[in-house]
1. Quick one: which residue in Ala102, Ala106, Ala117 is in contact with a Lys or Arg (Cβ under 8 Å, 6 or more places away or on another chain) and surrounded by 23 or more Cβ atoms within 10 Å (Cβ to Cβ)?
2. Free of Cβ contacts under 8 Å to residues at least 60 places away in the same chain and surrounded by 12 or more Cβ atoms within 10 Å (Cβ to Cβ): which single residue out of Arg243, Arg226, Arg231 fits that description?
3. Can you say whether Ala27 is surrounded by fewer than 21 Cβ atoms within 10 Å (Cβ to Cβ), within 25 Å of Leu132 (Cα to Cα), at pLDDT 95 or above and not charged (D, E, K, R), as far as the supplied structure shows?
4. Inspect all residues belonging to the stretch 211-233 and state whether any of them is in the same structural domain as Cys135 (by TED's automatic domain parsing), of a type in the set (Phe, Trp, Tyr) and at pLDDT 85 or above.
5. Find the strands (runs of 3 or more DSSP E) located wholly in the stretch 37-127 whose residues include 3 or more that are of a type in the set (Gly, Ala, Ser) and modelled with pLDDT under 95, and list them.
6. Considering Val82, Val76, which residue is within 21 Å of Ile228 (Cα to Cα), in contact with a Cys (Cβ under 8 Å, 6 or more places away or on another chain) and not assigned by TED's automatic domain parsing to the domain that holds Arg237?
7. Could you go through the stretch 185-192 and let me know if any residue there is modelled with pLDDT under 90, outside any loop (DSSP other than H, G, I, E, B), within 18 Å of the chain's Cα centre (by Cα) and surrounded by fewer than 17 Cβ atoms within 10 Å (Cβ to Cβ).
Amino acid sequence: MSELLHAAGRIRIVLVGTQHPGNIGSAARAIKTMGLQRLVLVAPERFPHADAVAMAAGAGDVLDAAPQAQTLAEAVADCRLVLGCTARSRRIALEELLPREAGARAVATAAQGTQVALVFGRERTGLDNDELQLCHAAVTIPADPAYSSLNLAAAVQVLCYELRLAMLGLQDLAPATGAGAAPAQAGDLPASHAELEGFFAQLGDTLDAIDFHKGRAPESAMRKLRRIFMRSRLDDRDVRLLRGVLADAQRMARLASGGHD
């Protein structure tokens, strides 16, 4: 049971820009019924709100404990796995997971002792491309294409159910294998979201310093580079090494331009 509780405590459900407060309450109820606790709200349009409390139906403790953030980057800064739930394919090429695959990966990562986020977007428009760029993979519920409109809270319920199944599997596995007993060391874990964003910011500055774009808009190249590095699942040591390389490249660029080191 301790393995299940520990894994559950490291998984957060993040709702971005939720427009209807009743959906926040229903999502809280979905979270609690599946043995989860952590709800994070990013710039909700109306919250706190009586409709959220009414629809929570006994999960008011989840609502009361839910922190609010202004941006998705802030909400997932300490996470080492961020999965974005999306209903349609985008120009941003992300690894695509079914809910069961997403649940298994999320719980396995949480069992290593690290933070995980499952992110859900706005009712009408979902996550925008900039928000999806912050995710390691996309999760799509395989609804009937003839009528694929799924309520936000229902989508949260589906993913939380898959998380629950994966956590119960972890609990069954633990007595026989000792799973969850020894968290991975820091160097074995994927880099946190904040560490990756620091690296991407330095990468962008370095490409500017060496005139990599040569007058072309940098957005396309940076999107492709982000996807390459996100697929690589860099760990803390990888990021430190790469940032050291970038620092030297920036120093050489300053010398070449007649600046001082």
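1. Ala117
2. Arg243
3. no
4. no
5. Qualifying strands (runs of 3 or more DSSP E): none found.
6. Val82
7. Looking through the stretch 185-192, none of the residues is modelled with pLDDT under 90, outside any loop (DSSP other than H, G, I, E, B), within 18 Å of the chain's Cα centre (by Cα) and surrounded by fewer than 17 Cβ atoms within 10 Å (Cβ to Cβ).
The values are calculated or read from the model by the stated rules, or taken from the named source; none is laboratory data. Every value quoted in this text rests on a predicted model; they were computed, and no experiment measured them. Methodologically, a virtual Cβ is constructed for each residue, glycine included, from the backbone with ideal geometry; neighbour enumeration extends over all protein chains shown.
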